[in-house]
Amino acid sequence: MQAERNGAANRALITFAYNIASIGLYLKNGLYPREPLYRMAAPAQAVAQDLADAGCDVTPIALWPQSGEWPAGEWIGRIDQELLGFRRDLHHQFLLGSFAVRAVRIEHAGRIAGYAYISAGGHVGPLAIAPDADAEAVVTTALRCALKGGAKQVSMLVPGRADVVMQTALALGFRIEVPLVLMAWRPFGNWCNYLPRDPGFL
């Protein structure tokens, strides 16, 4: 198996919580439910009415370099390492090379507070919130960026334990569309501060 050949210390995936047959197959192969996830969405117009300015600065993230050292890659790598336990350089390189998403660095009070990817359709994720950052400020700033794209709705994949993100989303009119579950060999990640992109991309 490819994971074993590459020396993977863990295996993880996201699947639909109601897909009992698939979950049973994953369980038999040693992947256990680790975190509930909820795809949440709201009409853009409703979110815009109640979305306050969190006072954050936003800077677009350029294309990931094909080779050599890049300072921006280092701060992203540090956040991923802190939140997930590993870097996601190839993941960022793939997403930043796509015309379907744009990425922003979010700063608050002069410090890097996180990053967010935003699709043309208004979906936010992955979104990473630095451990010492104001989670509500980072999320509301990412949503303001999503609204600027002109999408009719905005959406996010919110982990069950991300209380601040969940409370912020509910207050803005978000509702659950699809329940999902993160399954893995071993527990990992700070799911209060990291929102995955979708079931295909952790």
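The values are calculated or read from the model by the stated rules, or taken from the named source; none is laboratory data. All figures in this text were calculated on a predicted structure; none of them were measured in a lab. So basically every Cβ, Gly included, is an ideal-geometry build from the backbone, and we count neighbours across all protein chains shown. To get the accessible areas, we keep the full protein, side chains included, count just its heavy atoms, and leave off ligands, DNA and RNA. Shrake-Rupley method; radii C 1.70, N 1.55, O 1.52, S 1.80 Å.
So if I place +1 on the C-beta of Lys and Arg and -1 on the C-beta of Asp and Glu, and nothing else carries charge, what would the dipole magnitude of region 68-125 be about its Cα centre? I want it in debye, nearest 20.
140
If a/c stays under 1.5 just call it rounded; otherwise compare a/b with b/c (prolate if a/b is bigger, oblate if not). Do that for region 77-192, with a ≥ b ≥ c from the square roots of the Cα gyration tensor eigenvalues. Before the final figure, lay out the partial values.
Details: a/c = 1.23, a/b = 1.12, b/c = 1.11.
Verdict is rounded for region 77-192.
Using θ = phi - 60° and the Karplus relation 6.51 cos²θ - 1.76 cosθ + 1.60, list the HN-Hα couplings for region 177-188 in order, rounded to whole Hz, with x at every Gly or Pro.
Taking θ as phi minus 60°, the curve returns 9, 9, x, 10, 9, 8, 10, 7, 4, 10, x, 6 Hz for region 177-188.
Taking the chain as a Gaussian network, Cα atoms linked when under 10 Å apart, which of 162, 42, 109 shows the biggest mean-square fluctuation?
109
For residue 98 and residue 175 in one chain, what is 0.36 nm times their gap in residues minus the Cα-Cα distance, to one decimal in nm?
Taking 0.36 nm per residue and subtracting the Cα distance, the gain is 24.9 nm.
So, for the chain, what is the accessible surface per residue at a probe of 1.4 Å, expressed in square angstrom?
Computed with neighbouring chains in place, this is 50 Å² per residue.
Give me the dipole magnitude in Debye, nearest 20, for the chain about the Cα centre, with unit charges on the beta carbon: positive for Lys and Arg, negative for Asp and Glu.
Its charge dipole is roughly 620 debye.
Run the numbers on the chain and let me know its relative contact order in percent, using alpha-carbon pairs under 8 Å that are six or more apart.
37
Pull out a ≥ b ≥ c, the square roots of the eigenvalues of the alpha-carbon gyration tensor of the chain, then state rounded if a/c is under 1.5, prolate if not and a/b is larger than b/c, and oblate in the remaining case.
Here the chain falls in the oblate category.
Check which residues have an amide H placed less than 5 Å from residue 17's amide H, if you skip close sequence neighbours.
Amide H neighbours of residue 17: 180, 181.
What does the charge add up to near residue 154, with Lys and Arg as +1, Asp and Glu as -1, over the other residues with Cβ less than 13 Å from its Cβ?
Net of charged neighbours comes to +3.
Roughly speaking, to the nearest percent, how much of the chain's 1.4 Å accessible area is carbon and sulfur?
54
Can you tell me which of 93, 81, 49 moves the most in a GNM of the chain? Springs connect C-alpha atoms under 10 Å apart.
The residue with the greatest mean-square fluctuation here is 49.
Between residue 185 and residue 58, what length comes free when the chain is fully extended (0.36 nm per residue of separation minus the Cα-Cα distance, one decimal in nm)? Mind dumping the intermediate values first?
Values: separation 127, 0.36 × 127 = 45.72 nm, distance 3.62 nm.
That pair, residue 185 and residue 58, stretches by 42.1 nm at full extension.
Evaluate E = 1/(1 + (r/R0)^6) for residue 22 and residue 167, where r is the Cβ-Cβ distance and R0 equals 30 Å; express this FRET efficiency to the nearest 0.05.
Numbers: r = 31 Å, r/R0 = 1.02.
Computed FRET efficiency for residue 22 and residue 167: 0.45.
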